[in-house]
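**Q** Would you mind keeping the following structure in view while I ask a few things?
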Amino acid sequence: MRRFGLSQPVPRSEDQRFLTGTGRYTADFSLPGQAHAVVLRSMHAHAEIAGIDAEAALAMPGVLAVITANDLAAAGLGEIPCAVTVRNEAGETMPSPGRPLLASGRVRFVGEPVAFIIAETRADALNAAEALFIDYRPLSAVATIEDAIAEDAIAEDATAGPAPGDIWPGAPGNLAFFWSRGDEAAVTTTIAAAAHVVRLTLVNNRVIPCPMEARAAIGAFDAATGAYTLITSSQGAHQIRDHLCQHTLKVPAEKLRVIVPDVGGGFGTKIFHYPEEALVLWAAARLGRPVRWIADRMEAFQGDTHGRDQRNHIVAAFTQDGTLQALRVDTLANMGAYLNEFAPAIPSQMTGCMLSGSYAIGQIFATCRGVYTNTVPIDAYRGAGRPEAAYLVERLMDAAAHTLGLAVDEIRRRNFIRPEQMPYHTAAGPTYDSGNFARNLDDALAAADWNGFENRRQEARARGYLRGRGLSSYVEICGFDAEEATLRCGDDGTIELLIGTQSTGQGHQTAYAQIICEDLGVPFEAIRVTQGDTGRIPFGNGTSGSRSLPVGGPAVRAACAALIERGREHAARLLQATQDAIVFAGGRFTVFGSERGIGLLELTAAVNAPENRTAVEGESALQASGRFELAASTFPNGTHVCEVEIEPDTGRVQVVTYHVVDDFGRVVNPLLLAGQVHGGIAQGIGQALFERAIFDRETGQLLSGSFVDYALPRAHDIPPIDFRYNQVPCTTNPMGIKGAGEAGTIGACAAVVNAAIDALSELGVRHVDMPLTPETIWRAIANARC
């Protein structure tokens, strides 16, 4: 019997089923009588749909239905809305066109769903897709930010009609929204009077999330009850249900059950409601049989949301001694063809609120212009705006150090927010409650042997390599909203936790069990964790924004406290004592001052016995719920230090050492924590060195639409990662947990790029944009040597 409490390095209990192939993902479900669906996607980035002829497709063997936008409109299905209100520079509300389930009248990006084909087999559906005739009338496509805002794409005003390059009526010049924060006049004045002004323009490249498991959805309909069931791969069952009920399928919530089984990665891209989820449900009701859709990898590249894709222009004012006085950031953000659910908030509010980074910056002014292009829509990707903020602030600090003649670590020390200044209200908006940024930096530099670097640089030079070192000190913002947890003690000696977060590989089953072990003193093996089922779990906000432990953890602890109180009532009756006399410790209820007692699991068996049972049928006599609502966010922070070697003849960059010291507040499980950090760093290295979604400028075709052309980092690209942590508990939740799911990605890009620039600096190279591919670096070296 094992009792693993908090802060112990417990191996993930869920790994047993994952590693033995007994995990169950959406594609593993097979419902009786199910049909198979495929999505016919647009081959054009921008075109009118003059007509759809489905006659030949419907005549193909095994074909059951071909669904188009006209069918959905006739049935009253709706569009997927953007949840964020968008405005123009004058503060006026701008049109925010919803994302259709199937394109109607016009397609706006390659891969946009046009028709939904259902057949007896997937092969039959694919054959029918080839026979389906779509009469496209191509229009000019806008594939890049630069082309979207070009002069010939700008109408004089919204009433003049769309210019040749306009994608949406009412959005002249392809402007999707404008956002700003701060005192522009004050920042301008400070910059004008500054001893040093540092300017920097950065590209934050578009990336494709690429979870191991592609999206999937299976819909079923019970004609007798009028109830729908959706099985899907998602980061939150309740959000998907609510969108379906309120916006697309438009059915009462009590008539729709959403089940999310095991999920093979999400990284943000599975937060959102996608068209296929509504389509399988509506098709199932229409056909009277379950409908199954499983994406292939090409569909994932074309149909899932992408991430990042910003251009940042930065101007900063420094004093003579290196104090950062004022910062201005102007951002252009590519939104793709539609404003996806949270998309406008990512490059504006989420990037904007973290522009202080770890530093006591007196004044900040930021703007963001979102623009439409004929590309896949953008939305949250691991970090969602915070990696972009950390990248621009940490690249700025290195550029400023060079301009002012300061060491890169020294300029950071001079500007860090100090522990005694906490809570600290930043000029970007948030108030940091806790943190010791200088200690993280000092510990990371010591772990990386910062002072011994020159010896390693000389040794690399002797081998013909350029070696550089880089660092990044980041802060991110985590947690939001409320979460509920319910504990049910079963007759079989188990305790079931029902909670509305959703594990996509983080290890929730293990972490939540540790909290329950700590509070209830029960065996680790006795705990069962249930997530992803709106039929059994009444409330949930899913998993995003690194919220599961900072918000879900206190909810679990509240449920434990409520269960103990409920148990004291039953124990008092069975032990013939007053409730005030019952004490709970170590998994047992005892009568104060005596040896009379009963264990929690024994108590469960007793109260669930037929002669004692008082619970409603189907419920445990011993169960309780807890709720926690986060009133203020948490702020994980840390320092990344890495060293790279560059082969001048090929331009290849290799990350050779990596050290990170993080502060995630109280640590629940060091093993889970290390896994999250390692995975995040790997994704950050991927963006810094390899990953870039590229669209053909003329046609809008995705040129990096498979793993042949889109490079993910491989095992040999990721060095051993030395991970350490400091624990400065936050004050914004009762457990002191800050959250960790996205932190590795947030700190990694700047550390890697700063290291590469340091390696290239002896050649006079001071800036290269991500990704630092061999070709990019080779050209930078060649140009420097000219």
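The values are calculated or read from the model by the stated rules, or taken from the named source; none is laboratory data. Model, not experiment: these values are computed from the prediction. All Cβ positions, glycine included, derive from the backbone under ideal geometry; neighbour counts span all protein chains shown. With ligands, DNA and RNA removed, areas are computed over all heavy atoms of the protein, side chains included. Shrake-Rupley method; radii C 1.70, N 1.55, O 1.52, S 1.80 Å.
**Q** Out of contact with any strand residue (DSSP E or B) (no Cβ under 6 Å at 6 or more places or on another chain) and modelled with pLDDT under 95: is that true of Arg573 in this structure?
**A** yes
**Q** Just to verify a result, which residue in the range 125-139, among those that are in a helix (DSSP H, G or I) and touching a strand residue (DSSP E or B) at 6+ places or on another chain (Cβ under 6 Å), is most open to solvent (accessible area, probe 1.4 Å)?
**A** That would be Leu126.
**Q** Which number in (1) open to solvent by less than 10 Å² (accessible area, probe 1.4 Å); (2) among the small types (Gly, Ala, Ser); (3) under 24 Å from the mean Cα position of the chain (by Cα) marks the one condition that Ala295 misses?
**A** (1)
**Q** Moving to a separate point now. Taking interchain pairs and intrachain pairs at least six residues apart, which have beta carbon atoms under 9 angstrom, with the first residue in the range 397-414 and among the basic types (Lys, Arg) and the second open to solvent by 40 Å² or more (accessible area, probe 1.4 Å) and not in a loop (DSSP other than H, G, I, E, B)?
**A** Matching pairs, first to second residue: Arg413/Asp442.
The rows are residues; the columns are (1) open to solvent by less than 20 Å² (accessible area, probe 1.4 Å); (2) under 28 Å from the mean Cα position of the chain (by Cα).
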{"position": "Phe416", "(1), (2)": "yes, yes"}
{"position": "Ala427", "(1), (2)": "no, yes"}
{"position": "Asn436", "(1), (2)": "no, yes"}
{"position": "Asp443", "(1), (2)": "no, no"}
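**Q** Which residue out of Phe589, Phe635 is within 30 Å of Asp481 (Cβ to Cβ) and either aliphatic (A, V, I, L, M) or surrounded by 15 or more Cβ atoms within 10 Å (Cβ to Cβ) (or both)?
**A** When all the criteria are applied, what remains is Phe635.
**Q** Right, another one. Looking for something assigned to a helix (DSSP H, G or I) and at pLDDT below 95 - is there at least one such residue anywhere in the range 583-591?
**A** No, there is no match, as no residue in the range 583-591 is assigned to a helix (DSSP H, G or I) and at pLDDT below 95.
**Q** Could you please let me know if Val668 is of a type in the set (A, V, I, L, M, F, W, C) and either over 30 Å from Arg536 (Cα atoms) or surrounded by fewer than 24 Cβ atoms within 10 Å (Cβ to Cβ) (or both)?
**A** Judged against the criteria, Val668 is not a match.
**Q** If Leu563 passes every condition in (1) over 22 Å from the mean Cα position of the chain (by Cα); (2) surrounded by fewer than 24 Cβ atoms within 10 Å (Cβ to Cβ); (3) in contact (Cβ under 8 Å) with a residue 24 or more places away in the chain but one, which one does it miss?
**A** Just one mismatch for Leu563, condition (2).
**Q** So Ala155 fits all but one of (1) open to solvent by 70 Å² or more (accessible area, probe 1.4 Å); (2) at pLDDT below 95; (3) not in a helix (DSSP H, G or I); what number is the exception?
**A** (1)
**Q** Within the range 617-647, work out how many residues are closer than 29 Å to Ala447 by Cβ and not β-branched (Val, Ile, Thr).
**A** Selection size over the range 617-647: 10.
**Q** Considering only residues that are of a type in the set (Asp, Glu) and surrounded by 14 or more Cβ atoms within 10 Å (Cβ to Cβ), which ones fall in the range 81-124?
**A** Glu112, Glu120, Asp124
**Q** Going through Glu698, Glu775 one at a time, which residue ends up being open to solvent by 10 Å² or more (accessible area, probe 1.4 Å), on the phi < 0 side of the Ramachandran plot and at pLDDT below 95?
**A** Exactly one of Glu698, Glu775 is open to solvent by 10 Å² or more (accessible area, probe 1.4 Å), on the phi < 0 side of the Ramachandran plot and at pLDDT below 95, namely Glu698.
**Q** Go through Phe272, Phe267 for me and flag whichever is open to solvent by less than 20 Å² (accessible area, probe 1.4 Å), touching a Ser or Thr at 6+ places or on another chain (Cβ under 9 Å) and aromatic (Phe, Trp, Tyr).
**A** Criteria check complete, one pass: Phe272.
**Q** Another question, then. For Leu339, only one of the following conditions fails: (1) at negative phi; (2) open to solvent by 10 Å² or more (accessible area, probe 1.4 Å). What is its number?
**A** Unmet for Leu339, out of (1) at negative phi; (2) open to solvent by 10 Å² or more (accessible area, probe 1.4 Å): (2).
**Q** Okay, moving on. Among what's in the range 344-392 and is more than 22 Å from the chain's Cα centre (by Cα) and hydrophobic (A, V, I, L, M, F, W, C), pick the residue that is surrounded by the most Cβ atoms within 10 Å (Cβ to Cβ).
**A** The selected residue is Ala366.
**Q** Cβ-Cβ below 9 Å, separation at least six or inter-chain, first residue in the range 510-523 and touching a residue at least 60 places away in the same chain (Cβ under 8 Å), second assigned to a helix (DSSP H, G or I) and basic (Lys, Arg): which pairs?
**A** These pairs meet every condition: Ile515/Arg557; Glu518/Arg557.
**Q** Is it the case, given these coordinates, that Gly288 is of a type in the set (Gly, Ala, Ser) and either without any contact (Cβ under 8 Å) to a residue 60 or more places away in the chain or under 30 Å from Leu332 (Cα atoms) (or both)?
**A** no
**Q** Let me ask something else about it. Only one of (1) open to solvent by 30 Å² or more (accessible area, probe 1.4 Å); (2) touching a residue at least 24 places away in the same chain (Cβ under 8 Å); (3) more than 28 Å from Thr351 (Cα to Cα) is not met by Gln302, so which one is it?
**A** Unmet condition: (3).
**Q** Inside the range 708-733, can you point out the residues that are touching a Lys or Arg at 6+ places or on another chain (Cβ under 7 Å) and open to solvent by 20 Å² or more (accessible area, probe 1.4 Å)?
**A** Asn726, Gln727, Pro729
**Q** Before we move on, is Ala194 at pLDDT 95 or above, out of contact with any Gly (no Cβ under 9 Å at 6 or more places or on another chain), more than 29 Å from Ala427 (Cβ to Cβ) and crowded, with 16+ Cβ neighbours inside 10 Å?
**A** Considered against the rule, which asks whether it is at pLDDT 95 or above, out of contact with any Gly (no Cβ under 9 Å at 6 or more places or on another chain), more than 29 Å from Ala427 (Cβ to Cβ) and crowded, with 16+ Cβ neighbours inside 10 Å, Ala194 comes out as no.
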